[in-house]
Amino acid sequence: MSDRLLKALLVMLLIAAPSLAQTAAELRHKYGEPERLSPKSSQILVERYMVRGSITMTAKFAGSSARACELRIEPRRTRTQNSKRVDVMSEFESEQVIKELAPDDARGRLIKSSNAEFGCSTVRFGDYERVMIAVTSRCEAQGGGTYFVKIRWKDTVCEQIDRQASMAVVNGNSVN
């Protein structure tokens, strides 16, 4: 095959793929057996993986594709005597995990980015064609670091379920 044909096929694959998020099987292969957090009767499967020794990832899966639709990366919870202590990941570690789970080529074109600051905390948003990434971090004056990262793949069953739940609340229906 010619280089031009291979490039055209790759572009078609990227355009046709609604999500390039990992499947539950791929995440299990990469990070080991997860802890299941959702009840078996739930429409959405929620599992927690150990990504690094001190970092966990909570993944939501929905639909028959079994691809992750939302990932939350955060430092592993530790018990301390000081209840005011807040664990963070290094910014370098969090960026490495983001690149591993949502590589640049899987995100699509950057649509917009923004920051929101709340005292000594900042939330950085990156809205891409296929994914939204939010990084919540602590200011350097308090030691820096990342509290958590949320990666949300677009056009997934998770979004449809969330929209249905939101509409039910707006319309006054209870949601179970």
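Annotations for the structure displayed:
- Filter on 60/99; 40/99; 30/150 - keep pairs with C-alpha separation over 21 Å: 40/99
- All other residues whose Cβ lies under 15 angstrom from that of residue 111 are scored, Lys and Arg at +1 and Asp and Glu at -1, for a net of +3.
- Net charge in the neighbourhood of residue 50 (other residues with Cβ under 10 Å of its Cβ; Lys, Arg +1, Asp, Glu -1) is +1.
- The listed residues 74, 100, once ranked by accessible area (1.4 Å probe) with the largest placed first, stand as 100, 74.
The values are calculated or read from the model by the stated rules, or taken from the named source; none is laboratory data. Model, not experiment: these values are computed from the prediction. Cβ: placed from backbone, ideal geometry, glycine included. Neighbour counts: every protein chain shown. For accessibility, only protein heavy atoms count, side chains too; no ligands or nucleic acids. Shrake-Rupley method; radii C 1.70, N 1.55, O 1.52, S 1.80 Å.
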